[in-house]
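For reference, the structure discussed in these notes is given below.
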Amino acid sequence: MSALLNNVPRYRRMVERDLDAIMAIENVIYPHPWTRGNFRDSLREDYHCCVAEAGAEIVGYCVMVCAAGEAHLLNLSIAAAWQRQGRGRDMLHYLLATARESSVQKMFLEVRPTNLAGIALYLATGFIEIAIRRGYYPAHRGHEDALVMQLELV
Ligand SMILES: CC(C)(COP(=O)(O)OP(=O)(O)OC[C@H]1O[C@@H](n2cnc3c(N)ncnc32)[C@H](O)[C@@H]1OP(=O)(O)O)[C@@H](O)C(=O)NCCC(=O)NCCS
């Protein structure tokens with residue numbers, strides 16, 4: 001029974017003491033990870049910062065900012081050992097439900113064109129590509145473009 005419950009994601013607000021666990025995940029799953037300062041700033045700005053837990057373990061986290069009827073998804077991450085088990089999709093749906101509760105009409109995000117997993121997840125959820133931001137991300141050599149994607153929530 002408890003093993004079964006551990007498979008049901010539980011979402012709660014991120015707090016500063018989560019940042020050690022989050023940074024340990026972040027540094028593994030991204031070639032160009034967010035810094036601890038990026039997460040601290042998001043917490044201070046009172047963005048929607050959330051963790052997903054399985055038992056006591058943080059298995060994923062996300063950061064979203066909502067303003068003026070628009071949501072911007074800034075970070076959506078699943079720990080390497082927990083990927084490809086439906087948790088990213090589940091977290092995205094959780095964020096969409098949260099955004100709808102805040103009367104959001106459109107959600108935006110940026111994703112690297114090389115991030116095939118992320119793009120597949122967003123396309124499968126109904127996001128469409130609306131623009132390219134040239135040289136948006138740091139890369140091993142120079143910079144990489146970002147695809148800007150949008151989902152209408154109404
Ligand atoms: C992208 C990410 C959030 C997906 O989360 P996940 O829990 O692994 O994905 P899910 O198991 O929920 O898969 C949902 C859908 O995403 C797509 N997907 C996920 N991983 C994929 C992969 N490695 N290759 C291709 N498609 C993939 C598929 O469409 C999948 O649906 P399917 O299982 O029916 O084929 C996760 O891989 C991750 O955290 N990656 C590193 C951080 C990152 O890139 N975040 C997004 C930044 S914009």
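Here, each number is a calculation from the coordinates, and none is a lab measurement. What you are looking at is a predicted structure, and each value in this text was computed from that prediction instead of being measured. Glycine also receives a Cβ, built like all others from the backbone with ideal geometry; neighbour counts cover every protein chain displayed.
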Give the residue, chosen from L95, L74, that is of a type outside the set (D, E), within 25 Å of A131 (Cβ to Cβ) and part of a strand (DSSP E or B). L74
Of V51, V65, the only residue that is without any contact (Cβ under 8 Å) to a residue 24 or more places away in the chain, under 30 Å from L153 (Cα atoms) and assigned to a strand (DSSP E or B) is V65
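Can R89 be described as surrounded by 15 or more Cβ atoms within 10 Å (Cβ to Cβ), within 19 Å of M64 (Cα to Cα), of a type in the set (K, R) and within 8 Å of the ligand (Cβ to nearest atom)?
Criteria not met by R89.
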I'd like the full set of residues that are within 11 Å of the ligand (Cβ to nearest atom), surrounded by 17 or more Cβ atoms within 10 Å (Cβ to Cβ) and either assigned to a loop (DSSP other than H, G, I, E, B) or among the charged types (D, E, K, R) (or both), limited to the stretch 16-48. E26, W34
Count of residues meeting criterion [part of a loop (DSSP other than H, G, I, E, B) and either closer than 18 Å to C62 by Cβ or under 19 Å from the mean Cα position of the chain (by Cα) (or both)] in the stretch 105-145: 7
